[in-house]
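Input: a single structure, listed below in C-alpha cells.
The values are calculated or read from the model by the stated rules, or taken from the named source; none is laboratory data. Keep in mind that this is a model prediction, so the values were computed, not measured. Cβ atoms come from the backbone with ideal geometry, glycine included; neighbour counts cover every protein chain shown.
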Amino acid sequence: MLRNVLALSLLSLTALGAQKPNIIILLADDLGPGEVGAFGQTKLSTPRLDQMAREGLSFDRAYSGSSVCAPSRGALITGLHTGRSPIRANKEYPTGQEPMPRDIPTIAKSLKAAGYATGCFGKWGLGYPGSGSEATDQGFDRFFGYNHQVHAHEYFPKLLDEGRAIRSVPLQEGEYAATRITNEALTWTRAQVKAGKPFFLFLPTTLPHGKLQATPEMLEPFADKFADNPNPKAARLYAAMVSKLDSDAGKVMDLLKELGIDKNTLFVFCSDNGTEPTYGYGIDYFKGRGGLRGDKRSPYEGGFRTAEIAWWPGKISPGKRTDILTASWDFFPTACELAGITPPKGLSGKSLVPVLTGNGTYKPHDFLFFEFHEGQTWQVIVWNNRMKAIQRKILTNKPLPIEIYDLAKDPSEARDVANEHPELVKKAEEIFRQEHTPNIAFPLPGEKGWEEKVKAAAAKKTNKQGTK
C-alpha cells in the first residue's frame with residue numbers, strides 16, 4: 001500500500017516537472033461567495049477573475065478557514081482547522097492580534113526550508129510587535145502591509161509596516177494603500193525571478209473590506225451607476241473596491257506571462273470569509289451571499305463559503321469546475337507536495353495536487369470542522385455527503401440544540417432536519433469532542449483559562465457600566 005502511495009506521489013511530481021513551481025495565493029478580504037462573475041455575480045464587474053476561471057479551475061464547495069479575518073488566516077497559514085489552530089477569533093490587543101506560537105509549523109516556514117523565497121504583502125493580523133508571531137517570525141522573508149488588522153480599515157494611511165520590528169514606511173499624500181501593497185508584491189516577484197529562486201507569494205489584500213474608500217480614478221467608471229440603490233454612494237465605493245481587487249488579480253496574471261513563468265506558477269484566488277452586511281448599500285443588492293444563508297461571522301454557508309479559483313496554464317485544464325469539499329487548510333499540504341517535501345504531521349488539510357493536475361488519486365475529506373469563539377460562538381461540521389451540523393452558543397453552560405441541514409436539498413439552510421436524523425446529532429456530538437483541542441486563549445467552559453476569561457469579561461462589563 002505504502003509503495004503505491006509513494007509511486008503516485010512520484011508520478012504527480014514527475015508530471016509537474018523537475019523545476020519547483022512558484023505558488024501565489026491572493027486572499028480577498030470579506031468578499032462574498034457570490035461577488036465574482038464566474039460565481040453568479042451580474043452587477044459587479046470582475047473580468048480578470050472571470051478570465052482566471054475560464055482558463056482555470058473553479059471550486060464550488062470551497063470554504064475559508066473561518067467566518068472572520070484572523071482565524072481564517074491562521075487556518076490557512078498553519079494548515080489546521082479552527083478546532084486545532086491557535087487562533088479561533090479576532091482577539092485584539094492594542095498593537096495587534098492574538099499571536100501564534102513562534103515554533104508552530106507554517107506554510108511559509110516549510111517552503112522557505114525547501115529553498116523558496118517567501119513574501120507576505122497585505123494584512124497579517126496574527127500577532128503584534130515582540131510577540132514572536134510577526135510575519136517574519138512565521139517564515140516570511142519579506143513583509144509589507146498592515147501588521148494590525150484594525151489599521152487595515154484605513155486605505156489612505158500615512159504609514160505601512162515593513163518587516164521585523166515593524167519598520168514604518170511613509171506613503172505619499174492620497175496614495176491608495178492597496179495599490180502600493182500590490183506594486184511592492186509585484187516588484188518583489190520580479191526580483192525573485194531575476195535571482196532564479198522559486199517563490200511563495202502570499203497576498204492577503206485588504207480589498208474589499210471596509211472602510212469603503214476609493215480614489216477618484218477608481219470611482220470614475222461607476223459615476224452614474226446604482227441609482228436604484230438606497231445608498232448609491234456606498235454601492236459605488238464597494239463596486240470600485242471589488243473592481244480594484246479584480247484588476248490586481250489581472251496584474252498578477254499579466255506579470256507571470258510577461259516574465260514567462262505562468263506555466264510554472266500556481267495562482268490561487270479565494271476569500272477569507274463571507275461578505276460584511278453593514279456597509280449601507282444593502283447586502284442583498286449585489287447578492288453577495290450567492291443565494292446562501294448568512295454572512296460574515298455566521299455559521300451558515302454565506303459566512304465562509306468562498307469563490308475559489310486555481311489558475312495554472314498548461315497544468316490545469318481550462319474552464320472546469322469541481323464540487324470537491326475543500327477548505328483553506330488544504331493549501332499547506334498542497335504547497336508541500338508541489339515543493340517536493342513532506343508536510344508536517346498532524347495537518348488538517350489534504351493535498352489538492354491530484355485535483356489540480358488530474359494526476360494521482362485524491363481521497364476526499366470525510367468532513368470539514370470549524371470552531372468560532374466570537375459573537376454567537378459555534379462549532380460546525382460539513383460532511384462530504386452534503387449534510388451539515390451546527391451548534392451555537394458553545395461558550396455557555398447550555399449550548400443551543402444541534403441543527404442539521406441537508407445542503408443537497410436545502411442549500412439555503414431553511415429547514416432544520418435534526419429531528420429526522422438523530423443519528424447525525426449523535427455523530428456530531430462525537431465529532432465536536434474529537435476535533436476540539438483545548439486552547440488556553442480560547443477555552444470552552446470548564447477548560448483551563450475559562451475562569452480567567454469569565455472574570456475578565458465581568459470586569460470589562462463593570463468598567464463599561466462605571467463609565468456611563
Practice task
Return a yes/no flag: does the range 452-467 have any residue that is charged (D, E, K, R) and in contact (Cβ under 8 Å) with a residue 12 or more places away in the chain.
Solution key: no
Handout entry: Qualifying positions in the range 299-309 - out of contact with any helix residue (DSSP H, G or I) (no Cβ under 6 Å at 6 or more places or on another chain) and buried (at least 23 other Cβ atoms within 10 Å of the Cβ)
Key = P299, E301, G302, G303, F304, R305, T306, E308
Exercise for the section: Check the range 126-135 and report whether any residue there is more than 21 Å from D30 (Cβ to Cβ), part of a strand (DSSP E or B) and at pLDDT 95 or above. Expected result: no
Completion exercise
Note on the range 94-130: residues among the polar types (S, T, N, Q) and either out of contact with any strand residue (DSSP E or B) (no Cβ under 7 Å at 6 or more places or on another chain) or not assigned by TED's automatic domain parsing to the domain that holds P343 (or both) are T95, Q97, T106, S110
Practice task
Mind listing whichever residues of the range 109-122 are buried (at least 23 other Cβ atoms within 10 Å of the Cβ) and either touching a Gly at 6+ places or on another chain (Cβ under 8 Å) or not in a strand (DSSP E or B) (or both)?
Solution key: S110, L111, Y116, T118, C120, F121, G122
Handout entry: Check on L352, of a type in the set (A, V, I, L, M) and either over 17 Å from H81 (Cα atoms) or touching a helix residue (DSSP H, G or I) at 6+ places or on another chain (Cβ under 7 Å) (or both)
Key = yes
Completion exercise
E154 passes all but one of the listed conditions (1) free of Cβ contacts under 8 Å to residues at least 24 places away in the same chain; (2) more than 18 Å from I87 (Cβ to Cβ); the exception is number (1)
Practice task
Sort through G65, G79, G37, G74 and tell me the only one that's surrounded by fewer than 23 Cβ atoms within 10 Å (Cβ to Cβ), at pLDDT 95 or above and closer than 21 Å to F267 by Cα.
Solution key: G37
Practice task
Would you point out the residue of the range 123-143, among those that are among the aromatic types (F, W, Y) and surrounded by 24 or more Cβ atoms within 10 Å (Cβ to Cβ), that is farthest from A113 (Cα to Cα)?
Solution key: W124
Practice task
Given the conditions (1) surrounded by fewer than 23 Cβ atoms within 10 Å (Cβ to Cβ); (2) under 21 Å from L212 (Cβ atoms); (3) at pLDDT 95 or above; (4) basic (K, R), report the number of the one that K287 does not fulfil.
Solution key: (3)
Problem - Selection within the range 163-194 - under 24 Å from K112 (Cα atoms) and either surrounded by fewer than 16 Cβ atoms within 10 Å (Cβ to Cβ) or in contact with a Lys or Arg (Cβ under 8 Å, 6 or more places away or on another chain) (or both) - result: G163, R164, A165, R167, T182, N183, L186, T187, W188, R190, A191, K194
Fill in the blank from the handout: Subset of the range 85-103, residues out of contact with any Cys (no Cβ under 9 Å at 6 or more places or on another chain) and surrounded by 20 or more Cβ atoms within 10 Å (Cβ to Cβ), comes to S85, P86, I87, R88, A89, G96, E98, P99, M100
Practice task
Output the residues belonging to the range 396-451 that are assigned to a helix (DSSP H, G or I), buried (at least 18 other Cβ atoms within 10 Å of the Cβ) and of a type in the set (D, E).
Solution key: E435
Handout entry: Answer from A335, A418, A389 - the residue that is farther than 21 Å from K296 by Cα, of a type outside the set (F, W, Y) and within 23 Å of the chain's Cα centre (by Cα)
Key = A335
Problem - Verdict on K263 being part of a loop (DSSP other than H, G, I, E, B), touching a Phe, Trp or Tyr at 6+ places or on another chain (Cβ under 8 Å), of a type in the set (K, R) and assigned by TED's automatic domain parsing to the domain that holds P71 - result: no
Fill in the blank from the handout: By residue number, the members of the range 222-233 that are closer than 19 Å to D246 by Cβ and either modelled with pLDDT under 95 or not charged (D, E, K, R) (or both) are F222, A223, F226
Exercise for the section: Look at L256 and say whether it is touching a Ser or Thr at 6+ places or on another chain (Cβ under 8 Å), at negative phi and surrounded by fewer than 16 Cβ atoms within 10 Å (Cβ to Cβ). Expected result: no
